[in-house]
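Novice: First the structure, which I've put down as structure tokens, then a few questions once you've had a look.
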Amino acid sequence: MKPTDIAAPDYFHKVVDCQWACPAHTPVPEYIRLIAQGRYSDAYMINWKSNVFPGILGRTCDRPCEPACRRGRVEENPVAICRLKRVAADFKDDIRQRLPRPAPKNGKRVALVGGGPASLTVARDLAPLGYHCTVFDADPEAGGMMRTQIPKFRLPNSVIDEETGYILGLGVDFKGGQRIDSMKALLAEKYDAIFVGSGAPRGRELDIPGRKEAAANIHIGIEWLANVSFGHTDRIGKRVIVLGGGNTAMDCCRTARRLGGEKVTVIVRSGFEEMKASPWEKEDAIHEDIPILNYMVPVAFKHVAGKLIGVTFQHVKAEYDARGRRNLVPSGDPDQTIPCDDVLVAVGQENAFPWIEQDCGIEFDKWHMPKVDPETFASTNPKVFFGGDAAFGPKNIIWAVAHGHDAALSIHKMLSGEAIDERPLPDVQVSSQKMGIHEWSYDNDISNDKRFKVPHRDKVIALKDIRAEVELGYDVKLALGEAERCLNCDVQTVFSTSLCIECDACADICPMDCITFTANGEESDLRQRLKAPSAHPDQDLYVSSDLKTGRVMVKDEDVCLHCGLCAERCPTGAWDMQKYFIEMTHAGSTCPTKSRSAA
Amino acid sequence: MTYIAKPKFHHPGLKKNELGYTHRDYEGKISTLCAGCGHDSITASIIEACYELSIEPHRVAKISGIGCSSKTPDYFLGNSHGFNSVHGRMPSVLTGANLANRDLIYLGVSGDGDSASIGFGQFAHSIRRGVNMTYIVENNGVYGLTKGQFSATADRGSKSKKGVTNTDNAIDLVAIALQLGATFVARSFSGDKTQLVPLIAAAIRHKGASFIDVISPCIAFNNHAGSTKSFDYVREHNDAVNRLDVLVGRDPIAVDYAPGTVQLVEQHDGSRIALRKIDADYDPHDRLGAQTFLAKHAAKGQIVTGLLYVDPDAEDLHAHLDTVETPLNTLEADTLCPGSAVLDKINASLR
């Protein structure tokens, strides 16, 4: 293998698994260390800069970081990164003084369609640069799906108000209750740029016999959640069936439990394991006495005199064809009718752009989705950008934030007369953490604690009040314990070939047998010759150039604890622990471009 | 010195030996030696050898004297018996322990000061008597604990860190061990575990006095130009006569050796050593030849490493003394004391 180029920003970024997996690339270990030090406001601001909604995401994020967390490869459970984010939001001081000031207007006007996370992120990035940002939303208050679709027992209004308020306070013009019905009309208002962050607002229908006849008691999940959120709906029947296995279904069933649903059942077509809902959301639903039945396909709504009486299901089983593709085939068991008073349909969401006329210069693909560049988020109309669920279909908040940052950057570049497809490199800072022979400026003593559970409100009380937040969040002590579990993966092991005397001290001390000194070879061959087996080929090998004996140093990054013992036991300083702080470049930063060399 | 404990976590894919232990289970406390010390590599090699042989840690007694080397038993086999004795007296303590309980595996760990200076006589007599042990000298050529004076194994003409030339002749412990009748003699280098680990494993399986001289660079005081025990010097002058694999039980012999290059040595306990010859003319069963070979190469400034001599049919001290198979420390009083009638008989025969 060729010697690893550690100057390429991506190499060490990948080692910080959580940050790499996060769509917004939040510097996770950095903020976790700040939490451990009790510097909650500092931790909050790092999050605020990167993911805009720390308090909201700390309760609702889909957490792509956690399955990626190295700790999960070392022991059973990853660090509770998401709930630590909430800790920063819960315990911070008043941070308003740290927010950017509303800037003098630069005369450029940007219209933002939809008041959800994508649009608000664009506004957050552009408003401090002087852009006049106008956000339009059909709802009276900002937040979009964060406000309408996520139940209050998971995300209180106060948190949404606070974090959307920070953005609107930057001098953003919010036009609530103002639905945009025509792109043509909007274009005619001569905005310098338009950003579409209108989400995926339409719940998918379930068109099976009886749907029309029993319509009064069949509700589309996200619409029903929005009605609950605004107080238009405040009760439901005693027996409720929720169809669908995503997070919306979990929100529906738990909401139903709080509005009078005594016997609430979730029924999914596929297997329990394959459900789209996050494992922890399934756990929370089961904890609230909601059974989840699987391999049952709804075939008809049963009704008598226009009144829903139940749903008939066909039992299926999974079969795999020669290519390993799964098919659901009838199991042969007789169909089963489950009686119920109400049904909530949460079988997916769709985009809908009836308001974008065909002659706006915005091309759509065969799935009726706008053609959007995945890097610049530009549509085929150079002035119109898309982001969030509106760009590539339903994902989640953190993706919307990431899209928003990228789209804001494109808008800023376009309106500054720069090429929008030239994307800036991330900002990388590297600094040795060595303080003394065996002292480091980070805590390298590895905690053996298992993941701490987040305290929950008593179930009886929680089920009585739809606005009572179920999760109470970590207290300071639990937060410290959980923060200590972080392995500081951003404190990188950096190797200097010229200093190495091949004494083997690092290979001997490494608790995880990450380091091997051996003859060089192709990657597949090298992976066979490591001191400990290489279980994850997607984890890079760090390979040195040739050492004095002709061998190379190979480090499997996979399960390195970043304990720094290799550097402590190295007599020549060939190993050093260096903190890599990697931050994505947002609109208005100094924007180092690819034409410049890496840090 | 490292202040944190070595993390308990280990690689999830670590292989387990026959006893269900990983090599991490053979560790001791974290080393307090200087960073990069060759002794730590020897510690790692002992751990690896014991792991590979699936030795039960409680069947091992590790005994040492005084010095950097003699601290190392604290860093391996944390669940074994240990005795940190007086300077240079490891061989006596080991001999005594071995006589009392012949069932344990004895690891004598010593250094060049402990064995070639203050304990030179002790070293000589334990070898001469054929005590069943693995005697490892961690040889760095300097007194590291007292800041780098030449030890008795420092080569004449080699230079200290401050540039002083050594004018005394060096003691070659391997030559002495051969001369005194050790039945397993080897030399290796802390920076070459592929050679060292099987040597330690073979020595542990050898029944008799096994002696391994391991050159172990002292990073703090003896790893400079002018030293003959530095990483660079040893790597440049290392003349390995063979490499080996230890085969225990029914392990098949690996087939990737070129024909005629492998010599199988079957030891007393049934284990086999597969010797891959590097020097085709070297015969590890020829004590006199080995002595001559060593002397010739030493004169040329070469450091001969590998398994230098082995007598697969060796006998140990217990065989010489014709002691009972049962360890003496488990014999009950009625077995040990034949009674007054027998005493009277003996006395009568002497009258």
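Novice: How much FRET efficiency would the formula 1/(1 + (r/R0)^6) give for A:R96 and A:K477, where r is the Cβ-Cβ distance and R0 is 35 Å, rounded to 0.05?
Specialist: That pair, A:R96 with A:K477, gives E of 0.80.
Novice: If packing is taken as the average number of other Cβ atoms within 10 Å across a peptide's residues, how do B:200-206, A:422-428, A:353-359, A:300-306 rank, most packed first?
Specialist: Most protected by this proxy first, the peptides run B:200-206, A:422-428, A:300-306, A:353-359.
Novice: Taking 0.36 nm per residue of sequence separation and subtracting the Cα-Cα distance, how much length would be gained by fully extending the chain between B:D281 and B:R156, in nm to one decimal?
Specialist: 42.1 nm
Novice: Net charge around B:G339, counting only other residues with Cβ within less than 15 Å of its Cβ (Lys, Arg = +1; Asp, Glu = -1)?
Specialist: The answer is -2.
Novice: Determine, for each peptide in A:179-185, A:550-556, A:243-249, A:373-379, the mean count of other beta carbons within 10 angstrom over its residues, then list the peptides with the highest first.
Specialist: Top to bottom by mean Cβ count within 10 Å: A:243-249, A:550-556, A:373-379, A:179-185.
Novice: Just to verify a number: FRET efficiency for A:K175 and A:K450, C-beta to C-beta distance, R0 = 41 Å, to 0.05?
Specialist: With a Förster radius of 41 Å, E is 0.25.
Novice: Quick one: length gained pulling A:I286 to A:A215 fully straight, 0.36 nm per residue minus the C-alpha distance?
Specialist: 22.8 nm
Novice: Can I ask one more? Give a residue-ordered list of calculated ³J(HN,Hα) values for region A:104-114 (Karplus: 6.51 cos²θ - 1.76 cosθ + 1.60, θ = phi - 60°; whole Hz; x for Gly, Pro).
Specialist: Running phi through 6.51 cos²θ - 1.76 cosθ + 1.60 with θ = phi - 60° gives x, 5, 9, x, 9, 10, 10, 9, 10, 9, x Hz.
Novice: Roughly what would the spin-label model give for A:K184 and B:T323, points 7 Å off Cα along C-beta, in nm?
Specialist: Going from the A:K184 label point to the B:T323 one covers 10.6 nm.
Novice: Of A:K184/A:K212; A:K2/B:K161; A:K49/A:K579; A:K555/B:K62; B:K277/B:K300, which pairs sit farther than 26 Å apart, going by alpha carbon to alpha carbon?
Specialist: Correct reply: A:K184/A:K212; A:K2/B:K161; A:K555/B:K62.
Novice: How much of the pair distance distribution for region A:317-438 lies past 20 Å, counting alpha-carbon pairs only, in percent?
Specialist: 67
Novice: OK, next. Taking 8 Å as the Cα distance limit and 6 or more residues as the minimum spacing, I'd like the relative contact order of chain B as a percentage.
Specialist: It rounds to 15 percent for chain B.
Novice: If you take each beta carbon of peptide A:435-444 and count the beta carbons of other chains within 10 angstrom, what is the mean?
Specialist: 2
Novice: Sort A:30-40, A:96-106, A:459-469, A:558-568 by the packing proxy (mean of other Cβ within 10 Å over each peptide's residues), most packed first.
Specialist: A:558-568, A:30-40, A:459-469, A:96-106
Novice: Within a 10 angstrom radius of the beta carbon, how do A:E363, A:E484 rank from fewest other beta carbons to most?
Specialist: Fewest-to-most Cβ neighbours within 10 Å comes out as A:E363, A:E484.
Novice: To the nearest 20 debye, what is the magnitude of the charge dipole of region B:217-351 about its Cα centre, counting +1 on the Cβ of each Lys and Arg and -1 on the Cβ of each Asp and Glu?
Specialist: 540
Novice: Separate question: Using 0.36 nm per residue of separation minus the Cα-Cα distance, give me the extension gain between A:Q37 and A:E375 in nm, one decimal.
Specialist: Fully extending the segment from A:Q37 to A:E375 adds 118.0 nm.
Novice: Find out how many positive minus negative residues lie around A:Q429, taking Lys and Arg as positive, Asp and Glu as negative, among other residues whose Cβ is under 11 Å from that of A:Q429.
Specialist: Within the 11 Å Cβ shell, the charges total -3.
Novice: At 222 nm, what helix-only mean residue ellipticity would chain A give, in deg cm²/dmol to the nearest 500, using -39500 (n - 2.57) for each DSSP H run of four or more?
Specialist: Mean residue ellipticity, 222 nm, calculated: -8000 deg cm²/dmol.
Novice: Also, quick follow-up: If you take the beta carbon distance between A:K548 and A:M435 as r and set R0 to 41 Å, what does 1/(1 + (r/R0)^6) give as a FRET efficiency, to the nearest 0.05?
Specialist: The calculated FRET efficiency here is 0.85.
Novice: Once you keep just the Cα pairs under 8 angstrom separated by 6 or more residues, what percentage relative contact order results for region A:478-599?
Specialist: After rounding, I find 35 percent.
Novice: Then there's this: If you take every DSSP beta bridge fully contained in the protein assembly as shown, what fraction is antiparallel? Give it as a percent rounded to 5.
Specialist: Roughly 50 percent of the DSSP beta bridges within the protein assembly as shown come out antiparallel.
Novice: Let me have the relative contact order for region A:1-106, percent, based on Cα pairs under 8 Å that are six or more residues apart.
Specialist: 27
Computed from the coordinates by the stated procedures, all read-outs in this text should not be read as laboratory data. Computed from a prediction, not measured in an experiment: that's the story for all the values here. All Cβ positions, glycine included, derive from the backbone under ideal geometry; neighbour counts span all protein chains shown.
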